[in-house]
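Data first, discussion second: the structure below is written as structure tokens.
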Amino acid sequence: MSSTTQGWLRPIVWPVLIPTALVFGGEGAAMVVLGLSAIEGGASLSLAALVVATVGLGQLTGSIPAGQLTVRLGERRVLVVASLVSTAVWASAVAATSPAALAVVGFSGGVASAAFAVARQSWTMDVVPVAARARAMSLLGGASRAGLVLGPLAGAALQA
């Protein structure tokens, strides 16, 4: 390993990998509750699935504007703002009682998630040397998936 690739992990652990696991963990836990809350609010199983699908629709819709925002404001700002917005949006799900309100929460959470994802990838591309980028992006995907697996498990443990 050359000296240009040594130490590539340090600049992304605290600003990217750990927040990624936490944000996606919270999102994963919230998506489970989103579907269950929709059913509790009178939605059928198919409508509850649609409510949960609004998260992905928000991610899809928000990705291009998130990229533009990241270029304009910078990765760090977008990471921080998207994390705060995501937290506020998912916390607001407590007040949402109807499936329509839950769908708005899901869509908004998806948009915030897209902004976070684009900014974290951009940050990683900026701070990691080219020779180590594939490993860094793989870790980034792993942190997301770990959060999406561990978040619902932690949420279930808290509910139990």
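Across segment 1-91, Cα pairs under 8 Å and at least six residues apart give a relative contact order of 25 percent. In terms of packing, defined here as the mean over residues of other Cβ atoms within 10 angstrom, the peptides 96-106, 36-46, 110-120 line up highest first as 110-120, 96-106, 36-46.
Suppose R0 equals 22 Å; then what is the FRET efficiency for V32 and T61 from their Cβ-Cβ distance, rounded to the nearest 0.05? Show your work: numbers first, answer last.
Working: r = 22 Å, r/R0 = 1.01.
E between V32 and T61, to the nearest 0.05, is 0.50.
Along the Cα-to-Cβ line of A53, 7 Å from the Cα, sits a label point; which residues in segment 74-114 have backbone N less than 18 Å from it? The answer is 99-111. For the pair S46 and M125, label points projected 7 Å from Cα toward Cβ lie 4.0 nm apart. Pairwise inverse Cα distances across the chain, averaged and inverted, put the Kirkwood hydrodynamic radius at 16.2 Å. Placing R0 at 30 angstrom, the Cβ-Cβ distance between L84 and I39 gives a FRET efficiency of 0.55 after rounding to 0.05.
Legend: translational diffusion of segment 81-124 by Stokes-Einstein, Rh = Kirkwood radius over C-alpha pairs, 10 °C, 1.306 mPa s; D = 148 µm²/s. A dipole drawn for the chain from +1 and -1 charges on Cβ atoms has a positive end, and of A95, V23, A157 the residue lying farthest that way is V23.
The residues of segment 38-84 expose, per residue, 63 Å² of accessible area to a 1.4 Å probe.
What FRET efficiency do you get for S138 and R10 if R0 is 22 Å and r is their Cβ-Cβ distance, rounded to the nearest 0.05? It would help to have the intermediate numbers written out before the result.
Values: r = 17 Å, r/R0 = 0.76.
With R0 = 22 Å, the Cβ-Cβ based efficiency is 0.85.
Could you tell me the relative contact order of the chain? Use alpha-carbon pairs under 8 Å, at least six residues apart, and round to a whole percent. Mind dumping the intermediate values first?
Details: 216 pairs, mean separation 67.8, N = 160.
Result for the chain is 42 percent.
The values are calculated or read from the model by the stated rules, or taken from the named source; none is laboratory data. For clarity, every value in this text was computed on a predicted model and none was experimentally measured. Virtual Cβ from ideal backbone geometry, glycine too; neighbours counted across all protein chains shown. To get the accessible areas, we keep the full protein, side chains included, count just its heavy atoms, and leave off ligands, DNA and RNA. Shrake-Rupley method; radii C 1.70, N 1.55, O 1.52, S 1.80 Å.
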